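Engineer: Here it is, the structure in full.
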Amino acid sequence: MKNKVALVLGATGGIGGEVTRKLIESGWQVKALIRHKDSSPQIPGITWLQGDAMNSADVIRAAEHTDLIVHAVNPPGYKNWGDLVLPMIDNTILAAKKSGARILLPGTIYNYGAHAPALLSEDTPQEPTTRKGRIRKQLEEKLYHASTDGVRVLIVRCGDFYGPRPGNNWFSQGMITPGRTVKIITNPARKGVGHAWAYLPDVATTMVLLAEQEERLGSYETFHFGGNWDFDGKQMTAAISHAVGTPTKVRSAPWMLFATLSPFVVLFRELLEMRYLWQRPYQLDNRRLIEFLGHEPGTPLPQAVETTLRGLGCIRS
């Protein structure tokens, strides 16, 4: 592979940071947009550019002479999510049109909705039942329409993210507390209900492998990442308990408390909206991904969970 250039939007976030590291490891030149350069994290090999993903001129300028734009930007804590997500993808599309870069989007299963079947393929109809799901569907529709106008798009849909760095995800915001020894694990899942998990380093590896197959990719490509399937809703909590190595207590998520405080706490309102993902099983069908790559990069759940807990400061030894 010739030396290619990527622009990462959201490099300070969970998935954006992992993809950035994997791109650098794979020999890409990486640029990243950040609003305040003096607050940029220490990631060797990255060139930080000051700018805002909400400013089209900033994104267009940063995307000059790039082969790939990783659109991993997400408003922190879901604040103003509805007002920011779509304008940011519009800016990325404009930048891709001018630079000729392919857009890589980390996707979710929100856009399928609560009435979707238990096994989700790339072609499963998108019938979102939540606000975030409808926005996610609109986002993908914008990318599809852009692909009919010369923009190349790659979407990799995943389950719930988790990994060795804090981020906007259920694992580090709802199940355990980063920086503390785990004594109590909060399990949001209804008894016996499976759940799809996506270990961020594996997701990043998969995305970079796909991006490096440019000559085989069409103008609009979607893949499902299977990840770690918790078939009964207990495998993740068991893996956490095993990794900690000391007695832990598992409790149910305080959904009634979330409902009571949701008018006042944005995070609780957003978590409550996605409760349906814990009440029915939704598994991603990754057969197309495996057929395309020959395999899906995967870390065994016990190893992934232990690495995650060490990275979050929950295990010190």
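Rule-based calculations on the coordinates, nothing more; no lab input. These figures come from a predicted structure and were not determined experimentally. Cβ atoms come from the backbone with ideal geometry, glycine included; neighbour counts cover every protein chain shown.
Engineer: Using Cβ contacts closer than 10 Å as the measure, can you line up Val5, Val203 from fewest to most?
Structural biologist: Val5, Val203
Engineer: Could you work out [θ]222 nm for the chain from helices alone, using -39500 (n - 2.57) per DSSP H run of at least four and dividing by all its residues? Round to the nearest 500 deg cm²/dmol.
Structural biologist: -10500 deg cm²/dmol
Engineer: Just need the relative contact order of the chain here, percent rounded to a whole number, with Cα pairs under 8 Å and 6+ apart.
Structural biologist: In percent, rounded to a whole number, it is 18.
Engineer: Please compute the modelled spin-label separation between Ser219 and Ala57, points set 7 Å along Cα→Cβ, answer in nm with one decimal.
Structural biologist: 3.1
Engineer: If region 87-140 were replaced by its equivalent ellipsoid, with semi-axes equal to the square roots of 5 times the Cα gyration tensor eigenvalues, what would those be, largest first, whole Å?
Structural biologist: 26, 13, 7
Engineer: Report the longest stretch of the chain that contains none of the chymotrypsin sites (Phe, Trp or Tyr not before Pro) sitting in a DSSP loop with at most 16 other Cβ atoms within 10 Å.
Structural biologist: 1-230
Engineer: Any chance you could run the full-extension gain for Arg131 through Gln303? It's 0.36 nm times the residue separation minus the Cα-Cα distance, nm to one decimal.
Structural biologist: 58.4 nm
Engineer: With only alpha-carbon atoms in the gyration tensor, what are the semi-axes of the equivalent ellipsoid for region 1-62, in Å, largest first?
Structural biologist: So the three semi-axes of region 1-62 are 19, 14, 10 Å.
Engineer: Report, to the nearest 10°, how far helix 81-99 tilts away from the longest principal axis of the Cα atoms in the chain, using its own Cα long axis and a range of 0 to 90°.
Structural biologist: That works out to roughly 30 degrees.
Engineer: When Arg102, Arg180 are ordered from fewest to most other Cβ atoms inside 10 Å of their Cβ, what list results?
Structural biologist: Fewest to most other Cβ atoms nearby, the residues stand as Arg180, Arg102.
Engineer: Looking at region 198-317, what % of the alpha carbon pairs are farther apart than 26 Å?
Structural biologist: Here the tail beyond 26 Å accounts for 41 percent of pairs.
Engineer: For the chain, what does the convex hull of the Cα positions come to per residue, in cubic angstrom?
Structural biologist: Considering the Cα atoms of the chain, their hull volume per residue is 133 Å³.
Engineer: Short version: ³J(HN,Hα) in whole Hz for each residue of region 301-307, in order, from phi by Karplus 6.51 cos²θ - 1.76 cosθ + 1.60 (θ = phi - 60°), x for Gly and Pro, what are they?
Structural biologist: For region 301-307, the Karplus-derived couplings read 3, x, 5, 4, 5, 4, 4 Hz, x marking Gly and Pro.
Engineer: So what is the relative contact order for region 77-226, in percent, with contacts set as C-alpha pairs under 8 Å and at least six apart?
Structural biologist: 26
Engineer: Where in region 245-262 is the amide nitrogen less than 15 Å from a point lying 7 Å along the Cα-to-Cβ axis of Arg269?
Structural biologist: Under 15 Å, as judged by backbone N against the label point of Arg269, lie 258-262 of region 245-262.
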